[in-house]
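Take a look at the structure set out below.
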Amino acid sequence: MGRKPNDSESTSNTSLILLLVVLSSCALVYLFLSVFLTPSREYYIQLEPVLLEEDAVAGEENGACCRGIENMELWGNAVKWGSDFKFNSSEECCKACKAMCSGNDGPCLCDSWVFCGNREACGSKFGEGIVGLETEYGTLHIKLFPDCAPHSVTYILELLTLRHCAGCQFYRAESRGLSWDSEGNHIKNAPLGPPFALIQGKLEPQGITFNKIPTEVCPIIRRGSVAWIGSGPEFFISLANHQEWKNAYTVFGSVLPEDMEIVEKIAQLPTTPDVWNNINVTVLKKPVPLSIQRIKKSNGDLNGM
């Protein structure tokens, strides 16, 4: 026969039962959370490519990608403008804008950029980065290379602010002769000059103090290359590819292909022979004056702008 439990035994039994109930409840809650709230392996498999994709986007935002919306017209004035903020392509504009942002949390001084690359639509704003050398035989449109020759381009931009270019002229002219073809390629076994396939001139207005231009990027001279002789202000425009000259001259621009016929015309003008430092040259009987100007409105598009 069982005995009747006393009060202390009853209290102990009740406490034990309550403890078991609490532990059981905790176990059930833990089981529920483990089953329904713990991410499955499938979740991690799907998440990984998303994270990689976000990393790729972050890479583009850091400057690996520069794109714009073509043919979009914007109204209003630019906050900043000037020669320091003009570039020859939309990609260069984009990169320059991004370069004005310092650090991840630093100030960003540029939040938009605009590149005007259509002659008809841009009007007077078209061709910033291109200057014209005006002669009586036509205007030579020269694309400047500010990324390669910033000091040279700065000097050209300073000339644009002057009211005259008196004293600027072409004074030497030498055709391609029988040594280079119409595309500037050297003809096999032909001499490398004279004639040297170039026209030479001077960009130094009278009354202006000229400061020597430091040597900058000196690529191989190509047909259309515009380069300084030494530190300037004498310069030349090449009618041929001159690999034999290697990297001897600072190239600060290039004549647009459609204007090379003007260079060819000047090279065919009457000349007289002369000798400079034991080199046979031909000098124009009548020097060709030139002036430098900004590009005015014209028709059509310009490749590379």
- Item | Projected label distance in nm at residue 280 and residue 148, using a 7 Å step from Cα toward the beta-carbon | 3.1 nm
- Query: Of 98/202; 143/286; 202/246; 188/286; 95/202; 98/212, which sit over 29 Å apart, Cα to Cα?
  - Reply: 98/202; 188/286; 95/202; 98/212
- Once normalised by the length of the range 129-294, the mean sequence separation of its alpha carbon contacts under 8 Å that are 6 or more apart gives a contact order in percent of 32 percent
- Summing +1 for each Lys or Arg and -1 for each Asp or Glu, what net charge is found among the other residues whose Cβ lies under 11 Å from the Cβ of residue 135? -2
- On a C-alpha basis, how far is the centre of the range 135-184 from the centre of the range 198-255 in Å? Whole number, if you could? 8 Å
- Once both label points are put 7 Å beyond Cα along the C-beta direction, the residue 234-residue 208 separation in nm becomes 1.9 nm
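We did not get these values from a lab; they are worked out from the coordinates using the rules stated. As the structure is a computational prediction, the values presented were derived from the model and not from experiment. Here Cβ is always computed from backbone atoms with ideal geometry, including for glycine, and neighbour counts include all displayed protein chains.
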